[in-house]
Amino acid sequence: MIRGAILLAIATIVGYLYAQYQVSSGILSRFEKNSMLTMHSIKGFVNVYIVKDPVSKQNILIDAGNSGDEELIANYLKEHQIEKLDAVHLTHGHGDHAGTVSNITQRFPDISVGCHKEEHSFLKSGQLFTPKPTIRLIKWLMPYILKYNIVKPPKAFDCGIIYSNASETHHGIKLYHTPGHSNGSVSFELPNGECIIGDLMGGGFLFANSPSWPLFYQDYEQIRQSVQFLLKETNCQVFYVGHGKPFDRPSLLQWLEENPTNPADL
Ligand SMILES: [Zn+2]
Ligand SMILES: [Zn+2]
């Protein structure tokens, strides 16, 4: 009982600190080639991004936040006069990234929803699939994270757009299959070299703007290969993540150099 209370207190503090170092809400960038095209971020438990293109009149949500973030997203849309969402594309299907999709599809019935085929099997049955923690603290906290519904399973929904393992373009945004954090994780490349990679890597915390291993993983070697793929095959210059602050290409190259071997399993 006391152990549970202590762990819950630690989880609350960690969660609070975690939330403090997400990307701030607001307009992140205006694209050089088209100054009206903007990328927004909504700060919650997880970073949610909106690519707003007034030329095509499309508003694309990339990741949909944790269950319970519905109001946060609705308020942001209202504040920034975004009346309609045309598509939601998911970097992966974990509950903290897909939690509001069923609510969003009710609100915008014409919206397109995209996810990778590997994640769709979980999402269409509303399951929470939990990968392996990369640090011991999270391993200890995991039963409590599940017990107290800190990350809830998303309500079941169908993805109308199902990504394959090949590179694809949807709503003008390129995506690549970048497994490792989960089997169906993908990364999105925007026209100005900004990329949204979900939880493929952890972002910077506190004063650091450097990448880190994500808090959960499916396969360390796949993470490394996916990172090398993005560096080699894309023009990604800045990497926006699901948790933490973004980092740039030189930081990622340095991280690879400083981490030549994969961590041991816990
Ligand atoms: Zn995840
Ligand atoms: Zn996440």
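Being at pLDDT 95 or above, surrounded by fewer than 22 Cβ atoms within 10 Å (Cβ to Cβ) and either outside any loop (DSSP other than H, G, I, E, B) or in contact with a helix residue (DSSP H, G or I) (Cβ under 8 Å, 6 or more places away or on another chain) (or both) is a description that does not apply to H181.
Contact map, the range 192-220: first residue within 21 Å of T261 (Cα to Cα) and at pLDDT 90 or above, second residue part of a loop (DSSP other than H, G, I, E, B) and away from ligand 1 (no atom under 16 Å from the Cβ), Cβ cut-off under 7 Å, separation 6 or more or different chains; pairs are G203/P246; W213/P263; Y220/N262; Y220/P263. Please indicate, with yes or no, whether at least one residue in the range 171-178 is in a strand (DSSP E or B), under 20 Å from L28 (Cα atoms) and small (G, A, S). Checked the range 171-178: no residue is in a strand (DSSP E or B), under 20 Å from L28 (Cα atoms) and small (G, A, S).
Please verify whether the range 195-202 includes one or more residues that are surrounded by 23 or more Cβ atoms within 10 Å (Cβ to Cβ), away from ligand 1 (no atom under 16 Å from the Cβ) and hydrophobic (A, V, I, L, M, F, W, C). Yes, the range 195-202 contains at least one residue that is surrounded by 23 or more Cβ atoms within 10 Å (Cβ to Cβ), away from ligand 1 (no atom under 16 Å from the Cβ) and hydrophobic (A, V, I, L, M, F, W, C). In the set K155, K147, K174, only one residue is in contact (Cβ under 8 Å) with a residue 60 or more places away in the chain and more than 17 Å from the chain's Cα centre (by Cα); that residue is K155.
Residue under question is L123, and the condition is that it be among the aliphatic types (A, V, I, L, M), buried (at least 18 other Cβ atoms within 10 Å of the Cβ) and without any contact (Cβ under 8 Å) to a residue 60 or more places away in the chain; does it hold? Against the criterion (among the aliphatic types (A, V, I, L, M), buried (at least 18 other Cβ atoms within 10 Å of the Cβ) and without any contact (Cβ under 8 Å) to a residue 60 or more places away in the chain), L123 qualifies.
Among the residues of the range 224-242, which ones are within 16 Å of ligand 1 (Cβ to nearest atom) and out of contact with any strand residue (DSSP E or B) (no Cβ under 6 Å at 6 or more places or on another chain)?
We begin by selecting, within the range 224-242, every residue within 16 Å of ligand 1 (Cβ to nearest atom); these are 226-227, 239-242.
Hits for the range 224-242 are S226, V227, V241, G242.
When we screen L252, L215, L231 for residues that are exposed (fewer than 15 other Cβ atoms within 10 Å of the Cβ), in contact with a helix residue (DSSP H, G or I) (Cβ under 9 Å, 6 or more places away or on another chain) and of a type in the set (A, V, I, L, M, F, W, C), the only hit is L231.
Helices (runs of 4 or more DSSP H) fully within the range 46-146 that include at least 1 residues being away from ligand 2 (no atom under 14 Å from the Cβ) and closer than 23 Å to F216 by Cβ: 70-79, 101-107, 117-123. Checked against the criterion of being within 16 Å of ligand 2 (Cβ to nearest atom) and either under 17 Å from H97 (Cα atoms) or in contact with a Pro (Cβ under 8 Å, 6 or more places away or on another chain) (or both), the candidates H177, H181 yield just one match: H181. If you go through the range 56-101 and pick out every residue that is under 20 Å from K152 (Cβ atoms), more than 17 Å from the chain's Cα centre (by Cα) and surrounded by 18 or more Cβ atoms within 10 Å (Cβ to Cβ), you end up with 0. Against the list (1) surrounded by 14 or more Cβ atoms within 10 Å (Cβ to Cβ); (2) away from ligand 1 (no atom under 16 Å from the Cβ), the condition P133 fails is (2).
Filter the range 201-251 for residues that are assigned to a helix (DSSP H, G or I) and under 14 Å from T134 (Cα atoms); which is farthest from ligand 2 (Cβ to nearest atom)? Among those that are assigned to a helix (DSSP H, G or I) and under 14 Å from T134 (Cα atoms), it is E221. Can you tell me which residues in the range 189-200 are within 11 Å of ligand 2 (Cβ to nearest atom) and closer than 17 Å to E233 by Cβ? If the condition is that a residue be within 11 Å of ligand 2 (Cβ to nearest atom) and closer than 17 Å to E233 by Cβ, then L200 is the only one that fits. A Cβ distance below 8 Å, combined with a sequence gap of six or more or placement on separate chains, defines the contacts here; from the range 233-256, residues that are touching a residue at least 60 places away in the same chain (Cβ under 8 Å) reach residues that are more than 15 Å from ligand 2 (Cβ to nearest atom) and of a type in the set (D, E) in the pairs T234/E189; Y240/E194.
The values are calculated or read from the model by the stated rules, or taken from the named source; none is laboratory data. This one's a predicted model, so the numbers in the text were calculated from it and none came from an experiment. Cβ sites come from the backbone with ideal geometry, for glycine too, and all protein chains shown count toward neighbours.
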